[in-house]
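The values are calculated or read from the model by the stated rules, or taken from the named source; none is laboratory data. All values derive from a computational prediction rather than experimental measurement. Here the Cβ positions follow ideal geometry from the backbone for every residue, glycine too, while neighbour counts run over all protein chains shown. To get the accessible areas, we keep the full protein, side chains included, count just its heavy atoms, and leave off ligands, DNA and RNA. Shrake-Rupley method; radii C 1.70, N 1.55, O 1.52, S 1.80 Å.
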Amino acid sequence: MNTWRNASLAVSAAAVLALTTACGQEQGTATPGQAVAAQPAGQQQAADGYGSGYGSGAGSSAAPGGAAKTAGQLAVLESKKLGEVLTDSEGFTLYRFEKDTVTPPKSNCNGDCAKAWPVVAAGDVTAAPGTDASLIGEVTRADGSKQLTIGGWPMYRYAKDTKPGEINGQGVGGTWYASAPDGKKAAAGGGAAGEGGKPADLAGLSVRKDPKLGEIVVDKNGMTVYRFMRDSAWPMKTACTGSCLEKWPVVEPVDKNDTEGILKKGFVTFDRPDGIKQQTIDCWPIYTYSGDSKPGDTNGQGVGGTWYAVSPQGKPVGAPK
């Protein structure tokens, strides 16, 4: 039995090594003259769409002394773009984080993340008129404090919303969305679109037909996927680290079976020198753009002459040859 098990492990290890070697993956390396040093510990969270530059200017985000602030009387804001959006008693938008979980409820936003996205404290909250009060709940955070949940989703404010009615956090990093009154992602319209306005039941990575760019890759939220021309596939290296990742969050590893229409050759996980794991297509690291606020946006196309949407074969769409 041990002999069989050891042989099986050896085969698996060889397969992983073969894939890694095929892409020439090198730990802790970067294109000479282009890449920045690996991020210090504690800055990795920038990949989630927040950074140390956030966390100021929103006087309503926290109670005196830095304690989390409750929501009070919840209200519903009618947004032309997003439909019904949940707000606190002062009219500040409430958000949900895609990396949190509902079953069981858990917040995965701590440290610097919670500075950019102040948590909404549980207690002293009343349901908005006409909404289901039974959806209101709470979750115990890692520090023992209680956070408001709506429909099981932990609620946050955004530090860059400085006035009531602002929704500047919508779509940040492809992981932050304004909350609807039932805790789902706010989204105007409906029809074939699923929660949050993205096409229903998208794979982890799939292909969308863009009217200007043709076939491009999108993530599970329908957000456009990009390549950085200063990166390298052979050997696999990254030139986007530190503050770059605040604008260009990495695409996290996706199961090869959770894709549709994507090239499977060179579809491997890149163990970046900063400790972040990143998906690649044809061994090229891929990203999303924090400037894309909704599915279908391609605001990152051509930025700096170095960022381009990705074709299903991993090629940069529209890049100069």
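For this structure, a couple of remarks:
- All aspartates and glutamates inside 16 Å of LYS265 as judged from Cα atoms, apart from same-chain residues fewer than 8 positions distant: ASP255, ASP282
- Straight-line reach from LYS247: taking Cα to Cα under 14 Å and skipping same-chain neighbours fewer than 8 places apart, the aspartates and glutamates in range are ASP48, ASP292.
- Other-chain or far-sequence residues with amide H under 5 Å of GLU215's (modelled H): ASP210
- For peptides 276-287, 97-108, sequence by mean Cβ density within 10 Å, most packed first: 276-287, 97-108
- A 1.4 Å probe run over the protein chains yields, for the stretch 97-173, 43 Å² of accessible area per residue, whole-number rounding.
- Protection proxy ranking, highest mean first, for peptides 308-321, 124-137: 308-321, 124-137, where packing is the per-residue count of other beta-carbon atoms within 10 Å, averaged.
- Per-residue 3J(HN,Hα) values for the stretch 136-151, derived from phi via the Karplus relation 6.51 cos²θ - 1.76 cosθ + 1.60 with θ = phi - 60°, read 6, x, 8, 9, 8, 7, 4, 8, x, 6, 9, 10, 5, 10, 10, x Hz in sequence order (x marks Gly and Pro).
- Members of LYS185/LYS209; LYS99/LYS237; LYS81/LYS115; LYS80/LYS185; LYS69/LYS115; LYS264/LYS315 lying beyond 18 Å, as alpha-carbon distances in this model show: LYS185/LYS209; LYS99/LYS237; LYS81/LYS115
- Table column - 3J(HN,Hα) (Hz), the stretch 234-242, Karplus curve with 6.51, -1.76, 1.60, x for Gly and Pro: 9, x, 6, 9, 10, 10, 10, 9, x
- Taking Lys and Arg as +1 and Asp and Glu as -1, the other residues whose beta-carbon sits under 12 Å from that of GLN147 total +3.
- LYS69 sits among other residues whose Cβ lies under 11 Å from its own Cβ, and their net charge, with Lys and Arg +1 and Asp and Glu -1, is -2.
- Each residue of the stretch 76-85 was assigned a 3J(HN,Hα) from its phi angle through the Karplus curve 6.51 cos²θ - 1.76 cosθ + 1.60 (θ = phi - 60°); the sequence is 10, 9, 8, 9, 5, 8, 10, x, 7, 10 Hz, with glycine and proline shown as x.
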